[in-house]
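Enquirer: Okay, handing you the structure first.
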Amino acid sequence: MAKPAKKLVIITEKILLKKIAQIIEESGASGYTVLETGGKGSRNVRSSGQPSVSDTKANVKFEVLTPDRDLAEKIADQIGMQFFLDFAGMIYLCDAEVLYGQSFCGPEGC
Amino acid sequence: MDFFSNFFMDFVKQLQSPTLSFLIGGMALAALGSQLEIPEAICKIIIFMLLAKIGLTGGMAIRNSNLTEMVLPVVFAALLGILIVFIARYTLGRMPRVKTVDAIATGGLFGAVSGSTMAAALTLLEEQKIQFEAWAGALYPFMDIPALVTAIVIANIYLNRQQLKEMAYAEPLSKVAVTAGDDSRTRRAYPGRSTRAVLPRVKIWPIVQESLQGPALSAMLLGLALGVFARPESVYQNFYDPLFRGLLSILMLVMGMEAWSRVGELRKVAQWYVVYSVVAPFVHGLIAFGLGLFAHYTTGFSLGGVVVLAVIAASSSDISGPPTLRAGIPSANPSAYIGASTAIGTPVAIGLCIPFFLGLAQTFGAN
């Protein structure tokens with residue numbers, strides 16, 4: 001059986017990687033996935049394709065599964081308030097259904 | 001007149017050197033819209049190799065040299081790092097359409113040292129057979145760290161003061177340069193932000209720690225330590241030393257491409273950044289050259305060493321500086337300071353300042 005969950009997606013500057021990972025861990029979420037990405041937004045094209053001698057321009061995308069909306073919003077609020085005036089970033093929330101994942105569903109399965 | 005003709009001849013000769021020609025080649029490629037890409041991982045390993053080699057050279061030199069000779073240049077390097085930030089704060093920062101925090105961050109980046117510029121200068125000195133102390137490369141951290149710390153500290157003091165003023169006016173979120181973007185929008189989106197208390201006091205040690213942990217400085221300090229305490233001669237002679245110039249030429253190509261691609265970003269900020277990033281490397285370098293000459297006449301600091309001091313003062317950080325500043329002064333606009341440094345400051349430092357200070361040193365040496 002699928003267990004309903006929320007998928008919180010955070011796309012932001014790579015320089016914030018450690019700080020955001022720490023917020024997510026401290027919030028009590030069971031885990032997260034990070035991808036390196038690039039793209040275009042209101043702060044213009046960032047990362048990808050350009051030769052680069054420093055890491056300030058690379059983006060990362062976090063995906064966090066949370067059991068409910070409250071936890072997801074708590075994480076999003078902390079990150080938004082702390083960083084998103086000064087750093088590029090966006091956060092959105094999706095519905096998800098977890099099919100497999102022991103740490104998320106517990107030992108008896110989803 | 002003799003100086004100028006000498007300088008001009010030198011200058012043309014140096015444009016043909018591998019270091020500078022690859023830099024210019026990189027700019028040309030980027031200008032022509034070439035699809036050439038050097039993978040980032042390769043750049044990282046090159047930066048490691050170059051700085052490890054500089055560190056090893058310095059470390060092995062320190063092992064058999066008199067450390068008291070280093071004192072005066074080290075003190076000058078640190079003073080210059082701090083001074084450069086204040087110069088930016090009170091010149092660039094006073095210009096119209098330039099935000100003070102952006103100016104301080106730019107000063108921090110120009111005060112900090114570029115490992116690649118220094119590597120280029122050391123190579124040219126070797127090619128021209130100008131003597132310099134092998135530990136001269138070890139001056140790097142002594143200028144780099146004070147500059148970044150000073151920039152972050154005075155930017156935060158400035159921001160705190162702005163915030164106090166703002167609170168005194170009882171009208172929160174008035175037109176203060178601190179917040180970026182549309183005020184009403186940000187207020188709605190982040191309710192906690194407008195009532196935020198005064199920023200916490202800046203702690204100096206985390207900034208120092210972060211710069212030491214940066215890729216460039218850690219590679220160099222590792223090399224330095226190995227040079228002093230271990231016997232890395234064989235790996236140095238067979239690997240680091242012979243590969244140094246070839247790798248440097250690749251890095252120069254990348255920096256040229258990067259410089260060209262950042263010019264567009266700079267166009268979006270005030271023109272004063274362009275003026276600053278052309279003039280500042282020369283001003284900083286000349287101050288350093290003067291101080292270096294003082295050390296030359298009092299403690300016998302070599303003229304080659306004076307050139308190294310002048311070039312690292314003229315250079316602006318492009319590897320480890322930007323992330324440190326971005327984290328330390330988040331409200332400063334990175335397009336302004338990284339654009340000024342990478343697009344103009346670094347090419348000016350490598351292409352114009354290195355030949356200029358070499359020529360100057362040769363003129364002094366001839367007398």
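The values are calculated or read from the model by the stated rules, or taken from the named source; none is laboratory data. These numbers come from a predicted model, not from an experiment. Positions of Cβ are backbone-derived with ideal geometry, glycine not excepted, and every protein chain shown enters the neighbour counts.
Enquirer: Within the range B:130-149, can you find the residues that are within 15 Å of B:PHE110 (Cβ to Cβ), within 13 Å of the chain's Cα centre (by Cα) and of a type in the set (A, V, I, L, M, F, W, C)?
Expert: B:MET143, B:ILE145, B:ALA147, B:LEU148
Enquirer: So B:LEU222 clears everything in (1) at pLDDT 85 or above; (2) not in a helix (DSSP H, G or I) except one condition, right? Which one?
Expert: Status for B:LEU222: all satisfied but (2).
Enquirer: Can you tell which of B:LEU253, B:LEU221, B:LEU243 is surrounded by 15 or more Cβ atoms within 10 Å (Cβ to Cβ) and away from chain A (no Cβ under 11 Å)?
Expert: After ruling out the rest, the residue left standing is B:LEU221.
Enquirer: Something else about it: Select from the range B:330-342 the residues that are within 9 Å of another protein chain (Cβ to nearest Cβ) and farther than 17 Å from B:GLY256 by Cα and list them in ascending order.
Expert: Those that are within 9 Å of another protein chain (Cβ to nearest Cβ) and farther than 17 Å from B:GLY256 by Cα: B:PRO330, B:SER331, B:ALA332, B:PRO334, B:SER335.
Enquirer: Go through (1) at the interface with chain A (Cβ under 10 Å from one of its Cβ atoms); (2) at pLDDT 90 or above for B:GLY292 and report which single condition fails.
Expert: Exception for B:GLY292: condition (1).
Enquirer: Ok, one more. What residue, among those in the range B:253-283 that are small (Gly, Ala, Ser) and in a helix (DSSP H, G or I), is modelled with the lowest pLDDT?
Expert: B:GLY264
Enquirer: Moving on. Please state which one of B:PRO172, B:PRO141 is assigned to a loop (DSSP other than H, G, I, E, B) and either surrounded by 15 or more Cβ atoms within 10 Å (Cβ to Cβ) or at pLDDT below 70 (or both).
Expert: On inspection, the qualifying residue turns out to be B:PRO172.
Enquirer: Moving on to the next point. Among (1) within 11 Å of chain A (Cβ to nearest Cβ); (2) crowded, with 18+ Cβ neighbours inside 10 Å; (3) in a helix (DSSP H, G or I); (4) not hydrophobic (A, V, I, L, M, F, W, C), which single condition is B:ASP318 missing?
Expert: (3)
Enquirer: Name the residue, out of B:LEU122, B:LEU80, that is of a type in the set (A, V, I, L, M, F, W, C), surrounded by 22 or more Cβ atoms within 10 Å (Cβ to Cβ) and closer than 21 Å to B:MET255 by Cα.
Expert: So the residue among B:LEU122, B:LEU80 that is of a type in the set (A, V, I, L, M, F, W, C), surrounded by 22 or more Cβ atoms within 10 Å (Cβ to Cβ) and closer than 21 Å to B:MET255 by Cα is B:LEU122.
Enquirer: Right, another one. Show me the helices (runs of 4 or more DSSP H) found entirely inside the range B:1-116 where at least 3 residues are in contact with a His (Cβ under 8 Å, 6 or more places away or on another chain) and either at positive phi or touching a residue at least 60 places away in the same chain (Cβ under 8 Å) (or both).
Expert: By residue number, B:68-90.
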